[in-house]
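Enquirer: Quick one: the structure is below, questions incoming.
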Ligand code: ATP
Ligand code: MG
C-alpha cells in the first residue's frame, strides 16, 4: 500500500518537496520573495534529523538574524515534536564567536576576548587618527572604518594590503599605518571587531587544518538562508567548512572512523533581494555557485504564498527593470486582493498622519498592530511618524533606533563587565575609568596609557602600578580603588552568577548610587535602564543556570536590529527597509517613495547603485501579505533644508491600474494654486470588501497629480501648515507657550484662536481655528506665529 505522506512534506508544492527531499553534495534554491525558501530550509533540517540521516549536532544552519535563528529552531523542534540539542542554528557572527571562544587560543587570543561593536571600532580608529595626526591627510573616522571593514570582508589583512600598496602615495602609507595600528590594538586588547569574527575564523581554519578538520567532521549538513547577502569572507568560511576532510588532520582516535566526504551544502537566496553590497555582500556568490560546487542541483520556486497578486504584480514589474538578472516571475493563487494604495501629502507630517489614520482604520477592522509595519529608507524619517503616532495613541516600536544596548549607561555597565572578563581591554577601562566621577580625568588617563606604552604593559597593569607614577594621593587612591574592585570581582568571573557580578560591580563602584542620587531627571530613566539590564542578566541566568559571564557577553554583543522585534507585544513596527528583510506583515506602509530618498541620492556612488536601491524597494513591497501602501510627501525637511520632493522613478514602473491614489484633503481645491487639467478626483470613500482607506482622503489619478503641478510653484515658497522654515532657515519661538483661548497671528494664515494644545516641550502642538483658512495644527516651537 501507498505509504502515508509524511507530515514533513504536507502542503508543499512539488518543487518545494523536491528541495526538502533532494540528497546530494550541493543544492541551490533560487526563488523570489515569499516562495517558501526559509520554510523549505526549515523542513529540510527536520527531514534530515527525522530520517536519521543526521544527528542534530551535525547540522549548521545560518540565518540572517538571531531572531530568525530562534524561529527556525522552534519550527524544526515543533515539526519533530522534540527538542534538538546540539543543533547549531545561528547567524554567521554567532557561529563564529562560538568557534573562536573554543579555538582562539590557537593563535594568540584568549577565549575571554571582547567583541568591539562598530561604535567601539570607531572610538579606537578615532584615537589612532589623532595619535598619528592622520586627519591632516584627510582621513575621517567613517572613511577609515568603512575601508577597513571592506578590506576585512575581502579577507585582506595588513600584510596582504601592504603587498599591493603604493608606497609613493603618502595617503596610502598613512592608511597602512592606521590599519596596522588598529590591528595591533585589537590584538593587544584581546578583542575582535565584527568583521574579524568571520575573517579570523577563516584564518583559523586555513592556518590550522587540524582545527578545520574537527568542524568539517562535525557539521555534515550546512544550510544558509539569505545567501545572496553573504560577503566574500562568509563565502570563504562556508568553502572551508565544505572541503573534503584530510584524514591526517584528524586526531588519531578519529582517523579512519568513517571515510567522510565533504559536508553537504544547501543555500537559498534571491539575487533580487541582495541589498547589502555596501557591506561587501557579493551577488556573485549566488551566480557562481554552480561553478564553485560542480554538479550542484538547482531548484527554482515560483509560487508565492505570502502576497496577493496585485502586490506581486507590482513587485514583478519593478524588479524587471533591473538588467543582468535571471528573469523569474512569481505567481500566487490567493487572488488579486486589494489594490495598492498610493498617497501624496504636502509634507512628511501629512504623510505620517495618513499612515496613522490608516493604521487606526485597519486596527478597527481587526488587523493587529503587530501585523503592521512602516518602512523607510533613512532613520531620520521616523521623527514625523513618531510624533503623530504618539499623538494618535498608536503603540509602536522603532527597530534599530537608539537600541537598548547602545545607550550610554548600558554601555557603561557593560564596560564594567568587560573590564572584569577581559582585563587586557583598554576600551572598557577608559569607558568606566571616571564613570561615576572619581577624579580620574583625561590627563591622568593619558599618563597611565603612556606609562603602559613605555613599560610594554596593558592599561590595567599600569593602573595597578599607579602608586609608582607620581600621581597625587587622591588620584592614586581612586585608581587603586577601582582596580581593586575589578580584580576582586574578576576572581569570581568564571563561577559567580552574572547578576551577582553585575550588582556587585554597580554597588561597589557607586555607579548605581550616583544615578539614583542625581537630580537630572534623565538619570532616573538611566537608573531604570540599568535595572532593566540587571533583569536581563537574571533572565539569562534563569535560562542558562550554568551560564557564565563570558556566555552572557557573547549573547548580548550580537543583537541586531531585527532581533528586537517582540511578537507578543501589540505594536506597529517601524524600521528601515534594510531591517525588513525576511519579515512579513499583513499591512505594509512604504513611506518616502521619492527621488533622492528611494533611490537615495547617495546611491549613485555606492556599489550596485540604483539597481541595489530597486532591490531594496522590491524587498519592501514583497513583505506585504494583503495591504500595501506607498506614500510620499511633496515637501520634506531633510538634509537640513526643506526640499520639494518628486515621486520616485520606481512608482512609474508599477502598472498604474494597480494603484489607487489618494492625497491630502483640500490639496486639489484649497488655497489657490493651479488646478491641473487632467485631474480625476472622486470622493467616494473606500470601496466595499477591501480593508482600510475609508475616510477623508481624496482620490486622484496619479501620485500627487495636483501636487506635481503645484510643486514648482511651491518650490519658491515651501510653506505648509507644518512648514516652519523660510528658505531653509529654521525658526525658533523659544519657550513660547499657548493655551486654549489664546489668539495668535500666523504669517500665512492670518489671525486665529487656539482651541487645543497637546504634547509637551518642544513637541507641543496647538490646534488653531483660523478666521480665513479654518483649522490647522501647528508645532508651537517652530511655527511662524506670534501671540496677540
Ligand atoms: P523571503 O524571500 O521574503 O525571505 P521566503 O522565500 O523565505 O521569503 P517564506 O518566508 O519561507 O518565504 O514563506 C513565505 C510565507 O509563505 C510564509 O508565511 C510561509 O509560511 C508560507 N508558505 C511557504 N510555503 C507554503 C506552502 N507550501 N503552503 C502554504 N504556505 C506556505
Ligand atoms: Mg526567507
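The values are calculated or read from the model by the stated rules, or taken from the named source; none is laboratory data. The shown structure was predicted, so the numbers you read here are calculated from the model rather than taken from an experiment. Note that each Cβ is placed from the backbone with ideal geometry, even for glycine, and that neighbours are counted across all protein chains shown.
Enquirer: Which numbered condition in (1) modelled with pLDDT under 60; (2) surrounded by fewer than 17 Cβ atoms within 10 Å (Cβ to Cβ) is the only one that residue 696 fails?
Expert: Residue 696 satisfies all of (1) modelled with pLDDT under 60; (2) surrounded by fewer than 17 Cβ atoms within 10 Å (Cβ to Cβ) except (1).
Enquirer: Okay, moving on. Quick check on the stretch 132-140. Is at least one of its residues touching a strand residue (DSSP E or B) at 6+ places or on another chain (Cβ under 8 Å) and either surrounded by 13 or more Cβ atoms within 10 Å (Cβ to Cβ) or over 21 Å from residue 171 (Cα atoms) (or both)? Before you say what the answer is, go through the steps one by one.
Expert: Within the stretch 132-140, the first condition is being touching a strand residue (DSSP E or B) at 6+ places or on another chain (Cβ under 8 Å), and the residues that meet it are none.
No, that holds for no residue.
Enquirer: To continue, here is another question. With 144, 158, 174 as the choices, which residue is at pLDDT 90 or above, surrounded by 12 or more Cβ atoms within 10 Å (Cβ to Cβ) and within 23 Å of residue 204 (Cβ to Cβ)?
Expert: 158
Conditions (1) in a loop (DSSP other than H, G, I, E, B); (2) away from ligand 1 (no atom under 16 Å from the Cβ), marked per residue:
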{"position": "262", "(1), (2)": "yes, yes"}
{"position": "265", "(1), (2)": "no, yes"}
{"position": "285", "(1), (2)": "no, yes"}
{"position": "294", "(1), (2)": "yes, yes"}
{"position": "307", "(1), (2)": "yes, no"}
{"position": "311", "(1), (2)": "no, no"}
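Enquirer: A further question follows. Among the numbered conditions (1) over 25 Å from residue 308 (Cβ atoms); (2) not in a loop (DSSP other than H, G, I, E, B), tell me where residue 374 comes up short.
Expert: Result: residue 374 fails condition (1) only.
Enquirer: Given the condition within 10 Å of ligand 1 (Cβ to nearest atom) and either part of a loop (DSSP other than H, G, I, E, B) or closer than 10 Å to residue 299 by Cβ (or both), answer yes or no: does some residue in the stretch 39-46 qualify? I'd like the intermediate steps shown before the answer.
Expert: Taking the stretch 39-46 as the starting set, the residues that turn out to be within 10 Å of ligand 1 (Cβ to nearest atom) are 39-43.
When the remaining residues are screened for being either part of a loop (DSSP other than H, G, I, E, B) or closer than 10 Å to residue 299 by Cβ (or both), the result is 40.
Yes, the stretch 39-46 has at least one match.
Enquirer: Any residue in the stretch 320-331 that is closer than 21 Å to residue 22 by Cα, away from ligand 2 (no atom under 16 Å from the Cβ) and exposed (fewer than 15 other Cβ atoms within 10 Å of the Cβ)?
Expert: No, that holds for no residue.
Enquirer: Quick check on my filter: what residues within the stretch 522-579 are closer than 30 Å to residue 229 by Cα, surrounded by fewer than 18 Cβ atoms within 10 Å (Cβ to Cβ) and at pLDDT 90 or above?
Expert: Correct list: 551 only.
Enquirer: While we're looking at this one, here's another question. Please pick out the residue among 69, 61 that is modelled with pLDDT under 95 and farther than 13 Å from residue 299 by Cα.
Expert: Answer to the selection: 69.
Enquirer: Taking the stretch 272-285 only, how many residues are in contact with a strand residue (DSSP E or B) (Cβ under 7 Å, 6 or more places away or on another chain) and at pLDDT 75 or above?
Expert: Residues in the stretch 272-285 being in contact with a strand residue (DSSP E or B) (Cβ under 7 Å, 6 or more places away or on another chain) and at pLDDT 75 or above: 1 in total.
Enquirer: Ok, one more. Given (1) near ligand 2 (Cβ under 10 Å from one of its atoms); (2) surrounded by fewer than 21 Cβ atoms within 10 Å (Cβ to Cβ); (3) at pLDDT below 95, identify the lone condition not met by residue 75.
Expert: Failing condition for residue 75: (1).
Enquirer: Considering 233, 212, which residue is more than 16 Å from ligand 2 (Cβ to nearest atom), more than 29 Å from residue 300 (Cβ to Cβ), assigned to a helix (DSSP H, G or I) and within 33 Å of the chain's Cα centre (by Cα)?
Expert: After applying the criteria, what remains is 212.
Enquirer: Considering only the stretch 215-230, state which residues are assigned to a helix (DSSP H, G or I) and either closer than 17 Å to residue 104 by Cα or within 16 Å of ligand 2 (Cβ to nearest atom) (or both).
Expert: Of everything in the stretch 215-230, those that are assigned to a helix (DSSP H, G or I) and either closer than 17 Å to residue 104 by Cα or within 16 Å of ligand 2 (Cβ to nearest atom) (or both) turn out to be 215, 227, 228, 229.
Enquirer: Starting from the stretch 497-522, take each residue that is under 28 Å from residue 543 (Cα atoms) and list its partners that are modelled with pLDDT of 95 or more and loosely packed, with under 14 Cβ neighbours inside 10 Å, counting only C-beta distances under 6 angstrom and pairs at least six apart or across chains.
Expert: Within 6 Å, no pair qualifies.
Enquirer: Right, another one. Report yes if some residue within the stretch 616-630 is farther than 20 Å from residue 373 by Cβ and either buried (at least 21 other Cβ atoms within 10 Å of the Cβ) or modelled with pLDDT of 85 or more (or both); otherwise report no.
Expert: no
Enquirer: May I ask you to verify whether residue 460 is free of Cβ contacts under 8 Å to residues at least 24 places away in the same chain and either more than 34 Å from the chain's Cα centre (by Cα) or assigned to a helix (DSSP H, G or I) (or both)?
Expert: no
Enquirer: Restricting attention to the stretch 296-305, which residues are part of a strand (DSSP E or B) and either at pLDDT below 80 or more than 16 Å from ligand 2 (Cβ to nearest atom) (or both)?
Expert: Matches in the stretch 296-305: 297, 298.
Enquirer: In the stretch 89-108, is there at least one residue being under 30 Å from residue 309 (Cα atoms) and within 16 Å of ligand 2 (Cβ to nearest atom)?
Expert: no
Enquirer: Just to be sure before I move on: is residue 320 modelled with pLDDT of 85 or more and touching a helix residue (DSSP H, G or I) at 6+ places or on another chain (Cβ under 9 Å) in the structure I sent?
Expert: It is false that residue 320 is modelled with pLDDT of 85 or more and touching a helix residue (DSSP H, G or I) at 6+ places or on another chain (Cβ under 9 Å).
Enquirer: Right, another one. Within 16 Å of ligand 1 (Cβ to nearest atom), touching a strand residue (DSSP E or B) at 6+ places or on another chain (Cβ under 7 Å) and modelled with pLDDT of 95 or more: is that true of residue 229 in this structure?
Expert: No.
Enquirer: Restricting attention to the stretch 430-471, report how many residues are surrounded by 12 or more Cβ atoms within 10 Å (Cβ to Cβ) and at positive phi.
Expert: Of the residues in that region, 1 qualify.
Enquirer: Applying the selection to the stretch 13-33, what residues are in contact with a helix residue (DSSP H, G or I) (Cβ under 8 Å, 6 or more places away or on another chain), within 12 Å of ligand 1 (Cβ to nearest atom) and in contact (Cβ under 8 Å) with a residue 40 or more places away in the chain?
Expert: 16, 19, 29, 30, 31, 32, 33
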